[in-house]
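The values are calculated or read from the model by the stated rules, or taken from the named source; none is laboratory data. This one's a predicted model, so the numbers in the text were calculated from it and none came from an experiment. Ideal geometry is used to build each Cβ from the backbone, glycine not excepted, and the neighbour counts take in all protein chains shown.
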Amino acid sequence: MKTLLRVSSVGLFVGLLVSVAAASTLMVGQARPPISPDRVNVYMEPPRKFDRIAIIRKGSGAWAFSDQSQVEEAVAKIKIEAAKVGANGILLQAVETRSDGGLGIGVGGFGIGHGRHYHHGWYGGNSIGVGGSFYTPILHKTVQAEAIYVKKK
């Protein structure tokens with residue numbers, strides 16, 4: 001039983017890391033030749049003229065973003081993916097928190113008691129019982145952006 005619990009826990013942990021660490025790319029337009037990620041600009045508002053190339057989602061690689069630097073790291077990884085499909089810009093669309101289940105731990109109870117035993121069962125006395133559990137949702141943030149090719153004026 002303990003071995004099964006350990007194997008299940010390790011499998012869950014590895015699965016979560018793989019699922020949130022990888023970027024997913026959905027092609028929605030024509031790819032262009034790859035460029036350097038340094039040439040990919042970040043846009044908060046749509047530029048005047050552009051072509052859509054792909055939608056890219058990137059998880060934090062952690063259960064939750066704890067600070068702005070992790071959001072910036074996810075954006076940097078999206079820029080790398082965008083450069084691979086020839087995008088010279090990314091249009092940020094969403095930074096969202098998702099729950100991928102939860103982690104629960106329960107501790108079985110125990111009791112201490114005393115009383116008198118008669119032939120019909122226990123009679124009288126005092127007892128104390130203790131038990132507990134803990135649950136937390138597994139949260140992580142995902143950044144989504146559109147890989148775009150901004151046309152020169």
Leu12 - would you say it is modelled with pLDDT under 50, in a helix (DSSP H, G or I), closer than 25 Å to Glu73 by Cβ and out of contact with any helix residue (DSSP H, G or I) (no Cβ under 7 Å at 6 or more places or on another chain)? yes
Is the stretch 91-106 home to any residue that is surrounded by 11 or more Cβ atoms within 10 Å (Cβ to Cβ), at pLDDT below 85, closer than 18 Å to Gln144 by Cα and acidic (Asp, Glu)? yes
Can you tell me which residue in the stretch 15-48 is surrounded by the fewest Cβ atoms within 10 Å (Cβ to Cβ), limited to those that are at pLDDT 95 or above and either assigned to a helix (DSSP H, G or I) or on the phi > 0 side of the Ramachandran plot (or both)? Asp38
The stretch 58-83 residues that are modelled with pLDDT of 85 or more, paired with ones that are in a helix (DSSP H, G or I) (beta carbon under 6 Å, 6 or more apart): Lys58/Ala74; Lys58/Lys77; Lys58/Ile78; Lys79/Pro37; Ile80/Pro37; Ala83/Pro37
Which residue pairs have Cβ atoms under 7 Å apart, sit 6 or more places apart or on different chains, and have a first residue in the stretch 20-36 that is under 11 Å from Ala87 (Cβ atoms) and a second that is at pLDDT below 95 and of a type outside the set (A, V, I, L, M, F, W, C)? none
